[in-house]
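Working notes, beginning with the structure itself.
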Amino acid sequence: MRKITFIFLAAVLIVSCQSEKTKKETAIKSELQKIIQELGVPGINMSISMPDDEIWTISEGYADKEKQILMKPEDVMFSGSTGKTFCAALILQLQDEGKLNVDDSLSKYFGNEDWFNKIPNARKLTLRMLLNHTTGLERYEFDDSVAIMLNKNPDKVWTGVDRLSLIFGKPALHEPGKGWAYSDTNYIILGMLIEKLTSNEYYAELEKRFFQPLKLENTFPANNREITRLIPGYTAFSKEFAVPEKVLLDNGKFAFNPQMEFTGGGIACTASDLAKWGKLYYSGKVFSQDSYKLMITPADQKTDLQDNAKYGMACFVWDEDGRISFGHTGFFPGYVTIVEYIPGYNICIAMQWNTDKKNPEKSLHRYLDKIKEIIKEQ
């Protein structure tokens, strides 16, 4: 009799949990619908890695609004600057392996390169400054000539020096270590360093160290114009990037070679893979605890990030009345992304939109507030 009672109670508990999950997924879908209505977002994919590592994925809206193709969990989008987490993780692994120290001078590795002294304050820069954006280096992708080059030669394969040449001769935004200014240029140099120290191509190292062992089977290098299962994105910056509003062309190619982004982002993925990776990275599972402390420790300098966020190493640090969370946002023409890990609950949320249209007065972080309330009730 006791065995029958136990089986009955277990069955009731399973049904209750399934019912609770369904209820919460419905509530999350409702919130995503509100975002779509508020901003006119074509579609949203959201994935949540729960405390037991089960991943919930909720899809709303359209992957292709002209063809009325609905968003699906397996749809892939560019993840923008959230890809910096892979670059930083690799640098921190190299530190764990004794191949570098984040406080090394950049000149130790590149001091004899022809391009090195053409960047401002080159011999005052350290790897730590690159990682936490305190170098003062200008953003190479903001040069006016970039859009012209993308339009004229959309298949151009960019070298590291091609990218850096766009800041040659430009003054620093501030003295090294004396201010904070977000710049993809910092991570481009880190990518060049990775290839120098490993004698390997960057994405081959990611495949070996992260994609294969961690089973990130829906995470891809954004290094060519045809990406597996990439869905259309819709940009509000057609003029600035010299691209059509719908950035995925009818031939299935992206409007220009995303390889230009490299280690400033350089990843396309599903929301579920991003939630899985975000938890691994922001909970310190892919490097030593010493490196983890380095990663989550913000720079002393005040940032201009929304919500008074501070910045560690590929790590936004949000502190809201003592409730700490870590993550990153991402932008690429036609797409925006956010990943946020809440250590107090051991959950990680990844949200992807197939548009770069945003509310300038409301951060992506704020759009997760209600979602977090719903999940925390679990």
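Computed from the coordinates by the stated procedures, all read-outs in this text should not be read as laboratory data. Fair warning: this is a prediction, and the values are worked out from it, not measured in the lab. Every residue, glycine among them, receives a Cβ derived from its backbone with ideal geometry; neighbour counts consider all protein chains shown.
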With the range 261-378 as the region, which helices (runs of 4 or more DSSP H) entirely inside it contain at least 1 residues that are β-branched (Val, Ile, Thr) and in contact with a strand residue (DSSP E or B) (Cβ under 8 Å, 6 or more places away or on another chain)? 289-296, 369-376
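Yes/no matrix, rows are residues, columns are (1) among the small types (Gly, Ala, Ser); (2) farther than 26 Å from residue 281 by Cα:
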{"position": "39", "(1), (2)": "no, yes"}
{"position": "55", "(1), (2)": "no, no"}
{"position": "72", "(1), (2)": "no, no"}
{"position": "83", "(1), (2)": "yes, no"}
{"position": "110", "(1), (2)": "no, yes"}
I'd like to know if the range 209-227 contains one or more residues that are surrounded by 16 or more Cβ atoms within 10 Å (Cβ to Cβ), more than 23 Å from residue 150 (Cβ to Cβ) and without any contact (Cβ under 8 Å) to a residue 40 or more places away in the chain. yes
Which of (1) aromatic (Phe, Trp, Tyr); (2) surrounded by fewer than 23 Cβ atoms within 10 Å (Cβ to Cβ); (3) within 30 Å of residue 65 (Cβ to Cβ) does residue 335 not meet, given it meets every other one? (2)
Matching residues in the range 297-324 - criterion: being more than 19 Å from residue 368 (Cβ to Cβ) and either among the hydrophobic types (A, V, I, L, M, F, W, C) or without any contact (Cβ under 8 Å) to a residue 12 or more places away in the chain (or both): 299, 300, 313
All but one of (1) touching a Lys or Arg at 6+ places or on another chain (Cβ under 9 Å); (2) under 28 Å from residue 177 (Cα atoms); (3) not small (Gly, Ala, Ser) hold for residue 345; state the number of the condition that does not hold. (2)
Only one of (1) crowded, with 20+ Cβ neighbours inside 10 Å; (2) under 14 Å from residue 326 (Cα atoms) does not apply to residue 283, and that is (1)
So which of 186, 151 is among the polar types (S, T, N, Q), more than 20 Å from residue 82 (Cβ to Cβ) and outside any loop (DSSP other than H, G, I, E, B)? 151
